[in-house]
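The values are calculated or read from the model by the stated rules, or taken from the named source; none is laboratory data. Owing to the predicted nature of the structure, the values given are computational and were not obtained by experimental measurement. Counting neighbours? That spans all protein chains shown, and the Cβs are built from the backbone with ideal geometry, glycine included. Keep in mind that these areas ignore ligands, DNA and RNA; they rest on the heavy atoms of the full protein, side chains included. Shrake-Rupley method; radii C 1.70, N 1.55, O 1.52, S 1.80 Å.
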Amino acid sequence: MLGLETSCDETAAALVRADGVVVAERVRSQLAEHAPFGGVVPEIAARAHVEALDHLIAQVMAEAGTGFGQLKGVAATTGPGLIGGLMVGAVTGKAIALAHRLPFWAINHLEGHVLTPRLVAPAPFPYLVLLVSGGHCQLVLAEEVGRYRRLGTTIDDAVGEAFDKVAKLLGLGYPGGPALERLASAGDPARFALPRPLLGRPGCHFSFSGLKTAVLHLARAQTGSAETWQADLAAGFQAAVAETLVDRTRRAVVLARDMAPGLDRLVVAGGVAANATVRARLADLAAAEGLTFSAPPLRWCGDNAAMIAWAALERARAGFAPDSLEAPVRARWPLDPAAEPAIGAGIKA
Ligand code: KG4
Ligand code: ZN
């Protein structure tokens, strides 16, 4: 299966075998293009996908020593994401499928993330996924292929977005998550009192804008040189985020156990899963709840095409039909069609 991923700021192509062997994969990050603007610029992203995608496909095909005619299918992310980028991947995938008479699979990007643990190792359903990246912040109960229940989502920022915004106001550049984590490692997380948004509140939605604003006010109130307070503020922010993620996830475990009594696994995925404090706190939670904890390797936590090819293979094996070449791209595409919208504006799909 050839997989293509172009929904945000990574252009990726991968060839994955039905048994889960990733034969070849390439990911090209657009960080350099977007860094001067402090965030992803959709028009720049779409153009960069156009320039890169053909080359990445040619590279994985050459590395695998295979031709399009030998493929079983082509899968492309068709949502949710930035519409220009999605169109690049979808049109490219459809063109290959049409020219070589291959089945085309229109894949939901979130399904790719949610099924990734099964690409890494056997992970029987049901399991609970905390998906934390620059674009997503969701708790999803994976019941079986094609059946996902979204238990929580963010009512404002995604958690990676909050890391990036706080890093920016501390002058750390983009993407801010890794830089903020480095700075925090030298800081005292207890020095500044920061809010834990929604802590202890019912349900398992997330909110990070109040925490971000609290960091902004504290930063503005500091008078000493940056060395005397920045690391402490970064550490305080990171601790507040980790505690919030754990609180929301603990609630989701209770809900998920009601819906799926056999639940025995907690998975974290997405770019923020790279954060050692977040990982450690979630591992503690899993241990306390008697759940197996798994985190995919970092290259498959972030956006990649192996997860897209894998999702198509999983769908094929589960008996789903391939998609039509008319399949649309969708900026918003909830994984769980029955999910209630969270309150507030700017809700992610
Ligand atoms: O999954 P990803 O590579 O791309 C998407 O957003 O889809 O996630 C990138 C996000 C960025 O917001 C970045 O700042 C955050 O993940 N991130 C981190 C760390 N590494 C990446 N956040 C906190 N700590 C990190 N070590
Ligand atoms: Zn993603």
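Candidates Gly173, Pro195, Ala158 compared by Cα position along the dipole of region 59-208: farthest toward the positive end lies Ala158, with charges placed on Cβ. Label separation (Ala121 vs Thr292): 0.7 nm, computed from points 7 Å beyond Cα along the C-beta direction. Computed from the C-beta positions of Ser29 and Ala99 and an R0 of 25 Å, the FRET efficiency is 0.30 to the nearest 0.05.
Taken over region 11-130, the percentage of Cα pairs per 5 Å bin, counting from 0 up to the bin with the maximum distance, is 2, 10, 17, 22, 21, 15, 9, 4, 0. With the dipole of the chain worked out from charges on the C-beta (+1 for Lys and Arg, -1 for Asp and Glu) around the Cα centre, which of Ser225, Cys137, Ala256 lies farthest toward the positive end? Result: Ala256, furthest along the dipole toward the positive end. May I ask for the angle, rounded to the nearest 10°, between helix 109-120 and the longest principal axis of the chain, with both axes built from Cα atoms and the value confined to 0 to 90°? In the chain, helix 109-120 runs at an angle near 80 degrees to the longest axis. Computed about the Cα centre, the dipole magnitude for the chain is approximately 360 debye when only Lys and Arg (+1) and Asp and Glu (-1) carry charge, each at its Cβ. Computed from Cα positions, the angle between helix 306-317 and the longest principal axis of the chain comes to roughly 60 degrees. Counting only alpha carbon atoms, the long axis of helix 83-100 and the longest principal axis of the chain meet at about 20°.
Taking every alpha-carbon pair under 8 Å whose residues sit at least 6 apart, the chain reaches a relative contact order of 24 percent. In percent, rounded to a whole number, the relative contact order of region 17-117 is 26, using alpha-carbon pairs under 8 Å and six or more apart. Across the chain, Cα-Cα pairs farther apart than 24 Å form 55% of the total. Legend: translational diffusion of region 199-245 by Stokes-Einstein, Rh = Kirkwood radius over C-alpha pairs, 25 °C, 0.890 mPa s; D = 206 µm²/s. Under the simplified labelling scheme, the Glu51-Glu340 pair shows an inter-label distance of 4.7 nm, with each label point 7 Å from Cα along Cα→Cβ. Other residues with beta-carbon under 14 Å from the beta-carbon of Trp310 carry, at +1 per Lys or Arg and -1 per Asp or Glu, a net charge of 0.
Maximal additional length on extending the Ala190-Ala280 stretch stands at 30.6 nm, based on 0.36 nm per residue less the C-alpha distance.
The convex hull drawn around the Cα atoms of region 132-225, when projected onto a plane and averaged over every direction, covers 7.6 nm².
Solvent-accessible surface of region 186-324, taken per residue with a 1.4 Å probe and all protein chains present: 42 Å². Between beta-carbons, use under 14 Å as the cut-off and find the net charge around Val329, counting Lys and Arg +1, Asp and Glu -1. With Lys, Arg at +1 and Asp, Glu at -1, the neighbours total 0.
Over region 169-208, the fraction of Cα-Cα pairs per 10 Å bin, rounded to whole percents and listed from the shortest bin up, is 23, 37, 34, 6. At 7 Å along Cα-to-Cβ for each site, give me the label-to-label distance between Gln222 and Asp258 in nm. In this crude label model, Gln222 to Asp258 measures out at 4.2 nm.
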